[in-house]
Every structure is written in C-alpha cells, then in structure tokens.
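These notes concern the structure reproduced below.
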Amino acid sequence: MLSILTLNIQATSRRRAEPLLRWLADRPEQILLLTETSAGDGTTYLLDQFRRAGCQIQHPPLSGDRGTAMISRVPVTARPDITDRLSIPGRAVAATVHTDPPVTVLGVYVPSSDRAPAKVERKRTFLASLVDTLHRLPAEQRAHLVLGGDYNVITRDHQPPYPGVWLPFEYALFDALAAAGLTDAHHHLTPHVQQHSWFGRAGNGYRFDYLHVGAALRDLLRSGSYLQEPREQHLSDHAAVTLDLDLPVDTLDIRPLPAVAEPATLF
C-alpha cells in the first residue's frame, strides 16, 4: 500500500519541531508532504532528523520564501524538471515513486492573498503556472499523478460558502484540475462530508489542504482522512490529509528517530 500525508507545518519553530517530529515519526504514511516550510532552524531540525534516519529528503531552495518539502520512506527519484517552470519553484516539490507503474507525487504550497493587488497577482501567476505544468506532463504521468498540499483556496460548493471572499481564478483551479483528469480523493471517498483543515479566530472552518489523484489511480484509492490532531495538539494551525493507494511499494531501511521529551507547553 502506498500511503501519503500532507501537512502545513506553519514554518515550525525549533521548539515546536520536536513534538511535531514525534507525531510525524509515529505516522504510518510513507511519503510526507510538508508545506509552509522555512529556512529556519525548526524546519532544518525536522528534515535533518528524518534524513539521519535514512529517509530521502527533497526541499528546494526557498530564497527567503516559504516552501514545500518531501520526506520519503520509500525509494523515489527527484523530479525538479516538473517544478522548474512554476513561477515560484521553491513552493513545490516532485518525485517519482518506484511503484509498478511509477507514481509521481507533486506537493505544492499555493501563496495566500489578502487581496492586496501584488499578492493577488502573485497567487494568480502561481496557479496559472501550476495548471500549465500539469498540462505539460505526458498523459501517462498525469494519469499516475498525486497532487497535494495547501492550495489556499476552497471549492465552489464549500460549506460554509463565504460568498464574495474568493475570486473567480481561485475557484477555477478546481475546474483546471478536473480538466487535467485529477480527482479530489476526499470527495471521491466521502462525497457528502464537508471537511475543514484550517479554522479562523472566530471558529470559521475552511478546507485549504487537499490530495488529488490522476485517472489511473482513482480506482486504487482505499482510504483517506483529515486528521485534526496536529491542530488539537498545537503542532500546526492546519489538519493533516492522508490517502492510501492499493499499490505495492518497497520501503527504505529506516532507523528509529531520536526520542523527544514531552514539552511542558508549546504556546
């Protein structure tokens, strides 16, 4: 079984990285897509511990921005050729998993926008470059693609709907994903259940984090979840998202990660 988890780690501090490491180390998923990574000591500590344990780590240069990392407990081949055409390459990471047939995993951290013109244009440009990247993939790769991460957008049928908050190009991302043959894994598995992965200060919920699969993988979906423990344990302000695909995969020889003492408090 090939299992994947994505989580926004909120540019983790060094202190928060320790319990976050413990939580991630206990998870069974073989590929971890971490969004909102940073060049700080928290992200560095987290990735270094997994690297020392024998995992394969992909973390493109950030140039002062926030980005995306991939931690893999299974053999993968890095695919910078997929992400280098994005308007902000460090916001994405890609690798091909050595399954039969091969599965390519693309993790993205879409820029947020507070409606300042420069931020809106930055987000619009990134999403356009993402859609262009997807359409440039050979059809066979796109059919065996897993796309996931923090998209920073909601669907048109989201509940609650938040009318007037989102711009047409943001909703249009999901039209483009469908046109590329990608299926929302959560919607496919639980079509009538509204999940939320981030909550505002007033308790208003949003589904910002997703996993999508290509057409050849849709019937291989076996399970998937939104895990609220990272939020509830104050490891992040986001929930994690998982999926399982019925595909055999070899694992790397992973050593135990170091024990981390329980913190008295995180905040």
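Any read-out appearing in this document is the output of simple, stated calculations on the displayed coordinates, not a laboratory observation. Keep in mind the model is a prediction, meaning the values are calculated, not measured. Quick reminder, even Gly has a Cβ in these numbers, built from the backbone with ideal geometry, and neighbours come from all protein chains shown.
Adding -39500 (n - 2.57) for every DSSP H run of four residues or longer, then dividing by how many residues the chain holds, sets the calculated 222 nm ellipticity at -8000 deg cm²/dmol. Using every pair of distinct Cα positions in the stretch 123-267, the Kirkwood expression returns a hydrodynamic radius of 17.3 angstrom. Ranked by the mean number of other Cβ atoms within 10 Å of their residues, highest first, the peptides 20-27, 164-171 fall in the order 20-27, 164-171. Of Tyr162, Tyr206, the sequence from fewest to most neighbouring Cβ atoms within 10 angstrom is Tyr162, Tyr206. Centroid-to-centroid, using Cα positions, the stretch 214-254 and the stretch 75-154 are 18 Å apart. Which whole-number percent of Cα pairs in the stretch 78-177 have a distance greater than 20 Å? Result: 40 percent of Cα pairs exceed 20 Å. Suppose we look only past 12 Å in the calculated P(r) of the stretch 6-45. What percent of the Cα-Cα pairs does that tail hold? Value for the stretch 6-45: 56 percent of Cα pairs lie more than 12 Å apart. Peptides 90-103, 178-191 ordered by packing proxy, namely the average of other Cβ atoms within 10 Å per residue, highest first: 90-103, 178-191.
Site pair His192 and Thr251 shows an inter-label distance of 3.7 nm when each label is modelled 7 Å from Cα along Cα→Cβ. Overall, the chain carries a charge dipole of about 560 debye about its Cα centre when +1 sits on the Cβ of Lys and Arg and -1 on the Cβ of Asp and Glu, all other atoms neutral.
For Ala39, the shell of other residues with beta-carbons less than 15 Å away shows a net charge of -1, using +1 for Lys and Arg and -1 for Asp and Glu. Each Lys or Arg adds one and each Asp or Glu subtracts one; over the other residues with Cβ under 10 Å from the Cβ of Thr68, this totals 0. Evaluated over the Cα positions of the stretch 124-180, the convex hull gives a direction-averaged projected area, one quarter of its surface, of 4.3 nm². Here the chain has an Rg and Dmax of 17.4, 51 Å, counting Cα atoms alone. For the stretch 131-222, trypsin sites (Lys or Arg not before Pro) meeting the loop criterion (DSSP other than H, G, I, E, B) and having at most 15 other Cβ atoms within 10 Å: Arg156, Arg201. If R0 is taken as 22 Å, the Cβ-Cβ distance between Ala172 and Ser225 corresponds to a FRET efficiency of 0.20.
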